[in-house]
Amino acid sequence: MTTNKISGSEALIRSLLKENVKLIYGYPGGAIMPVFDCIHNYRDQIKHILVRHEQGATHAAQGYARVSGETGVVLVTSGPAATNVITGVTDAMIDSTPMVVITGQINSSLLGTDAFQETDVVGITQPVTKWSYQIRRTEDIPWAVARAFYIARSGRPGPVVLDFTKDAQVGTAEFHYQKCDFIRSYNPYPKINPKEIEDAATLINQSRKPLLLIGQGVILSHAENEIIQLMEKADIPAGCTLLGLSAIPTFHRLNKGMLGMHGNIGPNIKTNECDVLIAVGMRFDDRVTGDLNTYAKQAKVIHFDIDPSEFNKNVPADVTILGDAKAALSNLIEKIQPNNHSEWLSEFEICEKNEYEKVIRPEVYPEKGALKMGEVVRKISEATGNKAVLVTDVGQNQMMGARYFNYTRTRSIITSGGLGTMGFGLPAAIGAKMGAPDRTVCFFTGDGGIQMTIQELGTIMQTGADIKIIILNNNFLGMVRQWQELFFEQRYSETRMLNPNFTAIAAAYGIKGQDVTDRSQLDEAITKMLAHKGAYLLNVAVEEQGMVFPMIPAGGCVSDILLNNREKY
């Protein structure tokens, strides 16, 4: 009698194929070896990327997911491998990135005995995942994988962890796969309340000074066209969160720039002058709001979100619209009256002129002195035709990248927003390139962040990932140094860096590179980097005392803005 029985490892791989997985980031080890052995038989259908550290696998999967819209997949072993993925899982949770992480685990009969490389993966990951589940029976694999992908990608996306015991990997069972599209008590796409749409439309139509806040939820719900239709029909200026930046083109006349601590003056200061504040797919993070006691107290607040836990968590809303942003905005647009807010928009022009003269022009178009971070970012963005994907690490490089890179396509900024993970950028850039192989990927990092995951240069060497690495090298942990200068009496405690020869390290991995120490070298170096087929590292010496302005001090009012070390707006 013939049966359809296969091993648990093969059941996992077949289940991943049923979910259209083509790429896995991972690192083999004892408790997951049966799965890696099985991958060998399916290498023509599913590609595994061998990273150099398990944290790198999670960030690469994040980069892949964020730029492609697909679910990132990670495969690692037990014990230290499982604990090494926690940072990336947490990062994905805070930034709503769909990811399925599969960890190996010891035999179920040994659980709780402190066996070699045993770790309570489910216990550790439950607080930082949408779902965490241990597979102990071979017959449960298809069910668990289907459920994992449904949870990870639906509603507000996020990470799921499957902890896979070794006996479930080597056991056998019949294979039947059924995709999951329903889980009792889980409602990822709530029905939109027409009354809420009516209330929002009434406030917007009556508004004289509306302001739109665009978050990553617009991108996640594919609502870029709808948000632009709303902006243009009602003539509403917009500011974007860090992760929402590429939802609308930089050069759209109603795009007033970035919100938050190092955002543009206009959308920040006008938050406290608008009469209706419309937040779409954003969570009123403290880096956006500053002091909640002084945030938008004069405005009626309309909040669109798919996650009800975000409503009234930080900022009380007059109208809440629960549901998918694309569907909710489509319903709203029908009820919006065409409008003109030219007088209100002219107020932003005053802010823009002031910011250009006091901040942007000296940062992007300096006439003398050391190279500026902003000028490097802007030159590279323009050299790509403003069409590249921006990946950043965390710190001054992140804020300068976000501020001075220009966006013409959606899903064009990949950065660690909520968690602020140094070391995120290099592996995330690898994943981003694999998720958008037809696009140029420019990765900006500091001399501190690059060294946290610098071993992933080995992944670039092995895969040939064509990413452009730009180190904005100021020999400091720049953002910490900036705070020390402004708020700690210039006591630069443990922030000066003694750095290695970065281009020599790159060369050891077979990656071409160049040091840039003078402004006269920059244009030619950028041209050479972008023309090169393959990865390239540009180590740019920028001013050591460089500062990111404007700046709203932590916990300050969004209208209390520093233009430089000496001057407030």
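The values are calculated or read from the model by the stated rules, or taken from the named source; none is laboratory data. Here the structure is a predicted model, which is why all the values come from computation and not from measurement. Neighbour counts are summed over all protein chains in view; Cβ atoms, including those assigned to glycine, are modelled from backbone coordinates with ideal geometry. Each accessible area value is taken on the protein alone, full model and side chains, heavy atoms only, with ligands, DNA and RNA left out. Shrake-Rupley method; radii C 1.70, N 1.55, O 1.52, S 1.80 Å.
When you look at L110, is it over 16 Å from the mean Cα position of the chain (by Cα), open to solvent by 50 Å² or more (accessible area, probe 1.4 Å) and among the aliphatic types (A, V, I, L, M), yes or no? Quick ask: steps written out before the conclusion?
On the way: over 16 Å from the mean Cα position of the chain (by Cα): yes; open to solvent by 50 Å² or more (accessible area, probe 1.4 Å): yes; among the aliphatic types (A, V, I, L, M): yes.
Yes; evaluated as a whole, the condition is true for this residue.
Got a number for residues in segment 422-455 being β-branched (V, I, T), open to solvent by 10 Å² or more (accessible area, probe 1.4 Å) and in a loop (DSSP other than H, G, I, E, B)? It would help to see each step written out before you state the result.
First, the residues of segment 422-455 that are β-branched (V, I, T): 430, 440-441, 445, 450, 453-454.
From what is left, the residues that are open to solvent by 10 Å² or more (accessible area, probe 1.4 Å) are 440, 454.
The next check asks that each one be in a loop (DSSP other than H, G, I, E, B); those that pass are 440.
The number of residues fulfilling the criteria is 1.
Of (1) in a loop (DSSP other than H, G, I, E, B); (2) within 18 Å of L530 (Cα to Cα), K368 satisfies all except one. Which?
Checking K368 against (1) in a loop (DSSP other than H, G, I, E, B); (2) within 18 Å of L530 (Cα to Cα), the one that fails is (2).
Return the only residue of S342, S346 being among the polar types (S, T, N, Q), farther than 17 Å from I204 by Cα and more than 23 Å from the chain's Cα centre (by Cα).
Step by step, each of S342, S346 is checked, and only S346 is among the polar types (S, T, N, Q), farther than 17 Å from I204 by Cα and more than 23 Å from the chain's Cα centre (by Cα).
Name every residue in segment 123-138 that is crowded, with 17+ Cβ neighbours inside 10 Å and either under 29 Å from the mean Cα position of the chain (by Cα) or not polar (S, T, N, Q) (or both), in order of residue number. Lay out the reasoning, then the answer.
Just the residues of segment 123-138 that are crowded, with 17+ Cβ neighbours inside 10 Å, to begin with: 124-125, 128-136, 138.
Within segment 123-138, I124, T125, V128, T129, K130, W131, S132, Y133, Q134, I135, R136 meet the criteria.
For segment 517-524, does any single residue satisfy the condition of being modelled with pLDDT of 95 or more, open to solvent by less than 30 Å² (accessible area, probe 1.4 Å) and part of a loop (DSSP other than H, G, I, E, B)?
Step one: list which residues in segment 517-524 are modelled with pLDDT of 95 or more, which gives 517-524.
Those left that are additionally open to solvent by less than 30 Å² (accessible area, probe 1.4 Å): 522.
Retained after the next criterion (residues that are part of a loop (DSSP other than H, G, I, E, B)): none.
No, the conditions are met nowhere in segment 517-524.
Can you confirm whether segment 394-410 contains a residue that is touching a residue at least 24 places away in the same chain (Cβ under 8 Å), small (G, A, S), assigned to a helix (DSSP H, G or I) and touching a Leu at 6+ places or on another chain (Cβ under 7 Å)?
Our first condition is that a residue be touching a residue at least 24 places away in the same chain (Cβ under 8 Å); within segment 394-410, this holds for 394-410.
Narrowing the set further to residues that are small (G, A, S) leaves 395, 401-402.
Of the ones still in play, those that are also assigned to a helix (DSSP H, G or I) are 401-402.
Those still in the list that are touching a Leu at 6+ places or on another chain (Cβ under 7 Å) too: 401-402.
Yes; the residues of segment 394-410 include at least one that is touching a residue at least 24 places away in the same chain (Cβ under 8 Å), small (G, A, S), assigned to a helix (DSSP H, G or I) and touching a Leu at 6+ places or on another chain (Cβ under 7 Å).
State yes or no: is K512 touching a residue at least 60 places away in the same chain (Cβ under 8 Å), of a type in the set (K, R) and either closer than 23 Å to I49 by Cβ or touching a Leu at 6+ places or on another chain (Cβ under 6 Å) (or both)?
Numbers: touching a residue at least 60 places away in the same chain (Cβ under 8 Å): no; of a type in the set (K, R): yes; either closer than 23 Å to I49 by Cβ or touching a Leu at 6+ places or on another chain (Cβ under 6 Å) (or both): yes.
So K512 fails the test.
So how many residues does segment 203-215 have that are open to solvent by 20 Å² or more (accessible area, probe 1.4 Å) and either basic (K, R) or in contact with a strand residue (DSSP E or B) (Cβ under 9 Å, 6 or more places away or on another chain) (or both)?
Kept after step one, since they are open to solvent by 20 Å² or more (accessible area, probe 1.4 Å), are these residues of segment 203-215: 203, 205-206, 208-209.
Now restrict to residues that are either basic (K, R) or in contact with a strand residue (DSSP E or B) (Cβ under 9 Å, 6 or more places away or on another chain) (or both): 203, 206, 208-209.
Residues in segment 203-215 being open to solvent by 20 Å² or more (accessible area, probe 1.4 Å) and either basic (K, R) or in contact with a strand residue (DSSP E or B) (Cβ under 9 Å, 6 or more places away or on another chain) (or both): 4 in total.
Answer yes if at least one residue in segment 154-170 is touching a strand residue (DSSP E or B) at 6+ places or on another chain (Cβ under 7 Å), within 23 Å of A92 (Cα to Cα) and charged (D, E, K, R), and no otherwise.
Checking segment 154-170: at least one residue is touching a strand residue (DSSP E or B) at 6+ places or on another chain (Cβ under 7 Å), within 23 Å of A92 (Cα to Cα) and charged (D, E, K, R).
Residue by residue through segment 188-212, note down the ones that are more than 30 Å from G8 (Cα to Cα) and either in contact with a Gly (Cβ under 6 Å, 6 or more places away or on another chain) or part of a loop (DSSP other than H, G, I, E, B) (or both). Lay out the reasoning, then the answer.
Going through segment 188-212, the residues more than 30 Å from G8 (Cα to Cα) turn out to be 189-212.
Answer for segment 188-212, where residues must be more than 30 Å from G8 (Cα to Cα) and either in contact with a Gly (Cβ under 6 Å, 6 or more places away or on another chain) or part of a loop (DSSP other than H, G, I, E, B) (or both): Y189, P190, K191, I192, N193, S207, R208, K209.
Can you name every residue in segment 456-478 that is of a type outside the set (G, A, S), assigned to a helix (DSSP H, G or I) and open to solvent by less than 40 Å² (accessible area, probe 1.4 Å)? Break it down stepwise before answering.
Going residue by residue through segment 456-478, those that are of a type outside the set (G, A, S) are 456-457, 459-463, 466-477.
Checking the rest, the ones that are also assigned to a helix (DSSP H, G or I) come to 456-457, 459-463.
Answer for segment 456-478, where residues must be of a type outside the set (G, A, S), assigned to a helix (DSSP H, G or I) and open to solvent by less than 40 Å² (accessible area, probe 1.4 Å): E456, L457, T459, I460.
Specify the residue that is surrounded by the fewest Cβ atoms within 10 Å (Cβ to Cβ); the eligible residues are those in segment 23-81 that are under 15 Å from K433 (Cβ atoms) and among the hydroxyl-bearing types (S, T, Y).
Residue satisfying both the conditions and the ranking: S68.
Any idea which residue in segment 487-516 is least open to solvent (accessible area, probe 1.4 Å), counting only those that are among the basic types (K, R) and under 28 Å from the mean Cα position of the chain (by Cα)?
Going residue by residue through segment 487-516, those that are among the basic types (K, R) are 491, 496, 512.
Add one more test, that the residue is under 28 Å from the mean Cα position of the chain (by Cα), and what stays is 496, 512.
Numbers: R496: 142, K512: 124 Å².
Among those residues, the one meeting the criterion is K512.
Looking at this structure, is V364 β-branched (V, I, T) and under 28 Å from H222 (Cα atoms)? Walk me through how you get there before you give the answer.
Numbers: β-branched (V, I, T): yes; under 28 Å from H222 (Cα atoms): no.
No.
Just the residues that are under 18 Å from P157 (Cβ atoms) and of a type in the set (S, T, N, Q), please, taken from segment 100-136. Working first, answer last.
Step one: list which residues in segment 100-136 are under 18 Å from P157 (Cβ atoms), which gives 100-102, 125-133.
Those that are under 18 Å from P157 (Cβ atoms) and of a type in the set (S, T, N, Q): T125, Q126, T129, S132.
Which residues, taken from segment 238-258, are part of a loop (DSSP other than H, G, I, E, B), open to solvent by 10 Å² or more (accessible area, probe 1.4 Å) and touching a residue at least 12 places away in the same chain (Cβ under 8 Å)?
Here is the first cut: in segment 238-258, the ones part of a loop (DSSP other than H, G, I, E, B) are 241-244, 248-254.
Restricting the remaining residues to those that are open to solvent by 10 Å² or more (accessible area, probe 1.4 Å) gives 241-243, 249-253.
Answer for segment 238-258, where residues must be part of a loop (DSSP other than H, G, I, E, B), open to solvent by 10 Å² or more (accessible area, probe 1.4 Å) and touching a residue at least 12 places away in the same chain (Cβ under 8 Å): T241, L242, L243, P249, T250, F251, H252.
For segment 102-124, give me each residue that is outside any loop (DSSP other than H, G, I, E, B) and in contact (Cβ under 8 Å) with a residue 40 or more places away in the chain.
Filtering segment 102-124 down to residues outside any loop (DSSP other than H, G, I, E, B) leaves 102-105, 108-110, 121-124.
Selection gives I102, T103, G104, Q105, S108, S109, V121, V122, I124.
Mind counting the residues in segment 468-510 that are polar (S, T, N, Q) and more than 23 Å from T527 (Cα to Cα)?
First, the residues of segment 468-510 that are polar (S, T, N, Q): 473-475, 482, 484, 490, 493, 495, 499, 501, 503.
With the extra rule that they be more than 23 Å from T527 (Cα to Cα), the set shrinks to 475, 482, 484, 490, 493, 495, 499.
Residues that pass the stated criteria total 7.
If you check G446, G464, G478, which single one turns out to be of a type outside the set (A, V, I, L, M, F, W, C) and either out of contact with any strand residue (DSSP E or B) (no Cβ under 7 Å at 6 or more places or on another chain) or without any contact (Cβ under 8 Å) to a residue 12 or more places away in the chain (or both)? Break it down into steps so the answer makes sense when it comes.
Numbers: G446 fails: either out of contact with any strand residue (DSSP E or B) (no Cβ under 7 Å at 6 or more places or on another chain) or without any contact (Cβ under 8 Å) to a residue 12 or more places away in the chain (or both); G478 fails: either out of contact with any strand residue (DSSP E or B) (no Cβ under 7 Å at 6 or more places or on another chain) or without any contact (Cβ under 8 Å) to a residue 12 or more places away in the chain (or both).
Unique residue meeting the criteria: G464.
Out of all the residues in segment 375-391, is one or more assigned to a loop (DSSP other than H, G, I, E, B), buried (at least 21 other Cβ atoms within 10 Å of the Cβ) and not hydroxyl-bearing (S, T, Y)?
Yes: segment 375-391 contains one or more residues that are assigned to a loop (DSSP other than H, G, I, E, B), buried (at least 21 other Cβ atoms within 10 Å of the Cβ) and not hydroxyl-bearing (S, T, Y).
Is it the case that segment 204-213 has a residue that's within 30 Å of A279 (Cβ to Cβ) and either at pLDDT below 95 or in contact with a Leu (Cβ under 6 Å, 6 or more places away or on another chain) (or both)? Outline the logic, then answer.
The initial filter retains those residues of segment 204-213 that are within 30 Å of A279 (Cβ to Cβ), namely 204-213.
This time we only want the ones that are either at pLDDT below 95 or in contact with a Leu (Cβ under 6 Å, 6 or more places away or on another chain) (or both), so: 211.
Looking through segment 204-213, at least one residue is within 30 Å of A279 (Cβ to Cβ) and either at pLDDT below 95 or in contact with a Leu (Cβ under 6 Å, 6 or more places away or on another chain) (or both).
Looking only at segment 156-198, which residues are acidic (D, E) and surrounded by 23 or more Cβ atoms within 10 Å (Cβ to Cβ)? Talk me through it step by step, then tell me what you get.
From segment 156-198, those acidic (D, E) are 163, 167, 174, 181, 196, 198; that's our starting set.
Within segment 156-198, D163 is the sole residue that qualifies.
Restricting to segment 525-551, name every residue that is open to solvent by less than 10 Å² (accessible area, probe 1.4 Å) and either in a loop (DSSP other than H, G, I, E, B) or hydroxyl-bearing (S, T, Y) (or both).
Those that are open to solvent by less than 10 Å² (accessible area, probe 1.4 Å) and either in a loop (DSSP other than H, G, I, E, B) or hydroxyl-bearing (S, T, Y) (or both): Y536, G546, V548, P550.
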